[in-house]
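To start, the structure under review is shown below, and the notes come after it.
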Amino acid sequence: MKKNSQLKTVVISAAIILILILLMVFGFRALFTPVGDSRTISDPVSIQPSVVSPDPSSSELTSSEPEDTTAWGEPLSKNTAPVGEEWFDDAIFIGDSLTEGLSAYNLLDSDKVVASTGINPQSILTKDCIKQPDGSTVTVLHAIASKHPAKIYVMLGSNGVAFIGKDKLVELYGEFVDNLKSAHPDSDIYLQSILPVTHAKETEDDRYANSKIDEYNAAIMQMAGEKKVYYVNVAEAIKDENGCLPADVGADGMHFGPSTYNLWLDYLREHYAE
């Protein structure tokens with residue numbers, strides 16, 4: 001009996017010691033385990049790189065392309081001070097017979113006017129219509145290929161609004177603008193609105209209705225915004241109170257004389273990109 005009692009005492013003591021050891025081990029671990037950390041001792045500790053959400057307002061995220069303050073897709077607004085006539089010294093004007101009048105009336109030197117009667121957005125890329133000193137004729141783009149104008153003014157559509165649908169005219173016009181930008185990347189390009197006709201002209205032929213011309217101009221202005229070129233609403237410089245070309249300025253309802261051309265050029269001198 002005495003031996004059994006001693007054995008029982010030894011077993012109990014060993015068990016107590018084992019329990020104390022286990023309590024010490026797990027208690028020590030608890031002291032060094034952060035609250036809420038479910039990793040076991042064998043779990044590897046991985047250090048994740050810190051990810052910072054980009055700040056949209058950070059200047060480092062802005063495009064390297066210079067920001068242009070021009071409101072693309074809107075008419076150029078009137079500047080506080082008009083530029084002088086020398087503004088056109090490094091300019092080229094492209095267009096149809098309306099543009100030809102700028103040199104025909106000696107308002108601009110002929111070498112600054114690259115225009116042809118009847119030209120329109122449908123034919124301007126392919127028609128050999130610009131006469132050269134040697135007597136040959138070439139396309140508009142060919143005629144100005146060797147020139148380096150600071151400014152290019154384009155007016156197209158008067159010959160076209162009657163027989164080319166609005167969407168198609170703008171598509172063709174846009175194709176010409178793309179070619180012009182590619183050939184002259186350093187030039188500022190100004191698209192000028194189609195000019196109005198007289199009330200008699202639109203009454204005689206509703207294909208030239210001024211309301212229709214206004215719709216075409218709105219589409220051209222939108223295209224100019226998409227192409228990031230300037231749009232100049234020259235039409236407002238010569239419209240009368242009814243939105244028409246004044247009856248007394250031209251016999252055929254579309255063309256006009258020097259006084260109206262001066263209004264046109266004065267408008268350009270007041271509406272330009274700084």
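For the reader, a short list of remarks on this structure follows.
- Label-to-label distance, nm, for residues given as Ile17 and Gln132 (7 Å Cα→Cβ offset): 11.3
- 3J(HN,Hα) couplings calculated from phi for segment 106-118 with the Karplus curve 6.51 cos²θ - 1.76 cosθ + 1.60 (θ = phi - 60°) are, in sequence order, 6, 8, 9, 4, 4, 6, 9, 10, 10, 9, 8, 4, x Hz; Gly and Pro show x.
- Förster radius 22 Å - calculated FRET efficiency between Asp188 and Asn106 (Cβ-Cβ, nearest 0.05): 0.30
- Under 5 Å between amide hydrogens, built in the peptide plane, is the criterion, and for Val113 it picks out Phe93 among residues at least 5 positions away or on other chains.
Coordinate-derived values only; no laboratory data. Computed from a prediction, not measured in an experiment: that's the story for all the values here. Heads up, the Cβs are rebuilt from the backbone with ideal geometry, glycines too, and the neighbour counts pull from every protein chain shown.
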